[in-house]
Amino acid sequence: MLKFGIHNKSQIRKKVKLVSFFGGEKKISITLYDQIISESNADELAERILFLFADERGAYKRTYQKRFEDFDQIVLRYLKENFKNEMPLTLHDVAVSDGRTALDFFEKISSDFTKVEYVASDYNPKIYVIQEGKCKVTVSCTGKILEILFPPFVFNVIKRDSIRHYPLNHLIKSVVERLIAIPLVKKYQSGMIHAKELLLFAPRVLNAAQNDSRLTLQQHNLLEPFDKPVHIIRAMNILNPSYFSETEFLKVLNHVHKGLKDHGVFITGSNEEAGSIVNGGIYKKNINGFEKIYESGVGSPINQFIMNFNK
């Protein structure tokens with residue numbers, strides 16, 4: 001049994017069957033990501049593409065709008081009380097996934113601080129599409145193959161289809177990968193051919209950044225230093241003990257401390273689903289570490305690390 005994928009925009013517009021013979025969802029090639037932005041259901045399509053896609057970690061990128069509404073309002077009230085509205089406020093929002101919750105906060109804060117410079121970043125939002133003939137190979141920034149598009153097949157290298165249900169797909173994929181995809185990546189790495197860059201933020205986020213120069217989308221790893229100090233660093237649904245080791249938390253907090261201007265504000269917290277209570281807090285940078293200004297719910301999952309941090 002063969003399983004084909006969705007590999008051109010006309011298939012989406014014709015609403016071709018999106019479920020395979022065995023009930024699994026057909027993959028929409030990640031190479032279509034920038035082509036669906038103008039579609040009326042762009043956010044829905046983007047969410048579906050990203051749900052079935054995976055980066056090097058095997059993760060998928062998805063967030064929800066209006067996830068931190070009550071907590072955001074408390075944060076905004078504190079910022080308005082402690083920063084002048086007319087000042088050029090700088091903020092770096094990290095690990096924003098597809099950026100929808102970051103856009104929520106940007107839209108709120110930019111109405112009060114009209115000169116805000118808002119950076120929204122994620123660990124690995126950039127991918128690169130290499131094409132030769134009809135074959136397209138999508139790689140990560142490190143050159144790892146993530147997807148092979150060999151029409152009519154869409155092979156996800158990280159999230160593979162069932163061998164039992166689709167043995168022919170696996171056979172064809174292995175041949176195409178060995179004979180076409182890997183040599184194509186080597187050509188790209190040697191500079192013989194170029195690749196097209198794609199940013200995997202939600203369509204409404206990409207559109208907002210294109211139309212408002214105050215919002216910038218970037219790539220940033222929390223385990224690396226920030227480019228420059230800012231007034232506010234926001235980290236939502238990322239700083240949890242299940243994601244980082246104790247050593248890594250110390251490294252992250254050191255980067256956050258150095259990444260904040262004097263008396264800068266660190267905002268962090270986590271919740272289960274949109275509208276649920278955020279367990280988090282607002283922290284203010286001091287000479288040696290952080291001072292807790294406000295606590296929400298049961299507090300940040302890493303409150304102890306933050307309060308014990310000493311640079």
Next item on the list: Quick one: F244 ticks every box in (1) part of a strand (DSSP E or B); (2) open to solvent by less than 60 Å² (accessible area, probe 1.4 Å); (3) free of Cβ contacts under 8 Å to residues at least 24 places away in the same chain except a single one, so which number is it?
Entry: (1)
Notebook entry, point to check: Looking at the stretch 210-218, is at least one residue farther than 30 Å from A42 by Cα and open to solvent by 20 Å² or more (accessible area, probe 1.4 Å)?
Noted result: no
Next item on the list: Take L79 and decide whether it is of a type outside the set (V, I, T), part of a helix (DSSP H, G or I) and within 23 Å of K258 (Cα to Cα).
Entry: yes
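Does the stretch 252-275 contain any residue that is under 21 Å from the mean Cα position of the chain (by Cα) and among the aromatic types (F, W, Y)?
Looking for residues that are under 21 Å from the mean Cα position of the chain (by Cα) and among the aromatic types (F, W, Y), one finds at least one in the stretch 252-275, hence yes.
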Notebook entry, point to check: Of the residues in the stretch 111-160, how many are buried (at least 18 other Cβ atoms within 10 Å of the Cβ) and closer than 18 Å to H92 by Cβ?
Noted result: 9
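In the stretch 264-276, what count of residues is obtained for those that are open to solvent by 10 Å² or more (accessible area, probe 1.4 Å) and at pLDDT 95 or above?
0
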Notebook entry, point to check: Given the structure, is K285 open to solvent by less than 30 Å² (accessible area, probe 1.4 Å), modelled with pLDDT of 95 or more, touching a Gly at 6+ places or on another chain (Cβ under 8 Å) and of a type in the set (K, R)?
Noted result: yes
Checklist line | Residue list for the stretch 202-254, restricted to those being closer than 22 Å to F51 by Cβ and aromatic (F, W, Y) | finding: Y243
Next item on the list: Identify the single condition in (1) in contact with a helix residue (DSSP H, G or I) (Cβ under 7 Å, 6 or more places away or on another chain); (2) modelled with pLDDT under 95; (3) buried (at least 23 other Cβ atoms within 10 Å of the Cβ) that T101 does not satisfy, given that it satisfies every other one.
Entry: (1)
Check: Of the conditions (1) touching a strand residue (DSSP E or B) at 6+ places or on another chain (Cβ under 7 Å); (2) surrounded by 22 or more Cβ atoms within 10 Å (Cβ to Cβ), K196 fails just one. Which one is it?
Finding: (2)
Next item on the list: Would you point out which residue out of F155, F150, F105 is touching a residue at least 12 places away in the same chain (Cβ under 8 Å) and touching a Cys at 6+ places or on another chain (Cβ under 6 Å)?
Entry: F150
Margin query: Here's a check for you: in the stretch 11-35, which residue that is under 22 Å from M1 (Cα atoms) and among the β-branched types (V, I, T) is modelled with the lowest pLDDT?
Written below: V16
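The values are calculated or read from the model by the stated rules, or taken from the named source; none is laboratory data. What you see is a predicted model; the values in this text were computed from it and never measured. All Cβ positions, even for glycine, are placed from backbone atoms using ideal geometry, and neighbour counts span all protein chains on display. Accessible surface is based on the protein model in full, side chains and every heavy atom, while ligands, DNA and RNA are left aside. Shrake-Rupley method; radii C 1.70, N 1.55, O 1.52, S 1.80 Å.
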